[in-house]
Every structure is written in C-alpha cells, then in structure tokens.
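Shown next, in structure tokens, is the structure this report addresses.
The values are calculated or read from the model by the stated rules, or taken from the named source; none is laboratory data. Fair warning: this is a prediction, and the values are worked out from it, not measured in the lab. Virtual Cβ from ideal backbone geometry, glycine too; neighbours counted across all protein chains shown.
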Amino acid sequence: MRTLAALVATALAAPAAAHDPADGRPEDSRSGLRCLIQVDPEDRIAEDGDLVVPEGTRVDNALALHGDVVIRRGAVVRAAVSARGAVVVEAGGRVEEDAVAIGGGVRVKPGGEVGGDAVAIGGRVEIEKGGRIGGDIVTLGLRVAGRDLAREILDKVEAEVRCAGRRDEG
C-alpha cells in the first residue's frame, strides 16, 4: 500500500507528463495532464463517489478518487487511500496496514482498527473512543491567515491533473 499511496500522492502533488496509451503522445501536449492508476483484481476503486467495503469482504487495496473509503463492520482491507475524501473505519472494520486521506481525513470509530499508520494530508485524523491505530498518526495541514493552503494547492494541482483507475485483469 505504501506504493499505492505514494503513487497517488505523487500523481496529485507533482504532475509530470503522462502518456496516453491510445496514441503514445504526451498528455501535456493536449489540454491538461492525466495520471492512470492500475488496480489489480483484488483491489477496489471508486471514482467520483464513495467506495463502501461491505461486511464479510476482504480487499487488498481500497482507493477512492473524489469520495470516501468506508470500511464496514466485518470488512478487512489491507490498505486504504482516499484522494479528495475521507477514510472511515466503522466499528468492527479493519485496515491491516495504512489508511491515507489526501485532501480529507481519517476517522476511526469505536471498535474500528487501523493496523499501520493513519495519514491525513489537508485534513485530520480522528480516533473515537475505542478506536485503535497501531502505527503513527500523521497530519499535514498548512494554514496561513485562516486559509487552508494544503487544500488550495490540491485544488490547483487537481485543475491540471485528472487521475483515473484501470483494472489489470491479470
């Protein structure tokens, strides 16, 4: 997951020329930049909406672009990342490794568990009584004169880059 989180963070924070697999031309030769995130069959991705991992489901990587990742009771996710949303671990839900929110927060409800780090860039980490985080709690927020600069930077980058997921069928 550290790889997936790093990929999403890099794509959102440091845009570079992407190649369109359809024509091979650098995407920046047209209008704007684009990143493509490849997901495996064991992964789940949602674009422009929430990704809800239901009870009894096991997922490798859970990724939401412009939405929340919600891990319900009895669901197990190896790692969770949300870009422009939150990661919410409900009572009885479990993230085995890291939970990362870029442009949002991480919320662990009573009985919810994150085995690794909880990271919020442009948001905050909230642990309700009875929730558990096994690793570090990391938040990055840049506020100057009441302005949230982390979110403003994300807004500007997002205006230039559009990320999309593509499933790797193996």
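For the reader, a short list of remarks on this structure follows.
- Of all residues making up the range 57-66, the number that are modelled with pLDDT under 95 and not in a strand (DSSP E or B): 1
- A Cβ distance below 7 Å, combined with a sequence gap of six or more or placement on separate chains, defines the contacts here; from the range 131-152, residues that are without any contact (Cβ under 8 Å) to a residue 24 or more places away in the chain reach no residue that is aromatic (Phe, Trp, Tyr) and surrounded by 14 or more Cβ atoms within 10 Å (Cβ to Cβ).
- Among the strands (runs of 3 or more DSSP E) confined to the range 85-170, the ones with at least 2 residues that are at pLDDT below 90 and under 28 Å from Gln38 (Cβ atoms) are located at 161-167.
- Inspection of the range 129-136 finds a residue satisfying the criterion of being surrounded by 14 or more Cβ atoms within 10 Å (Cβ to Cβ) and touching a Lys or Arg at 6+ places or on another chain (Cβ under 9 Å).
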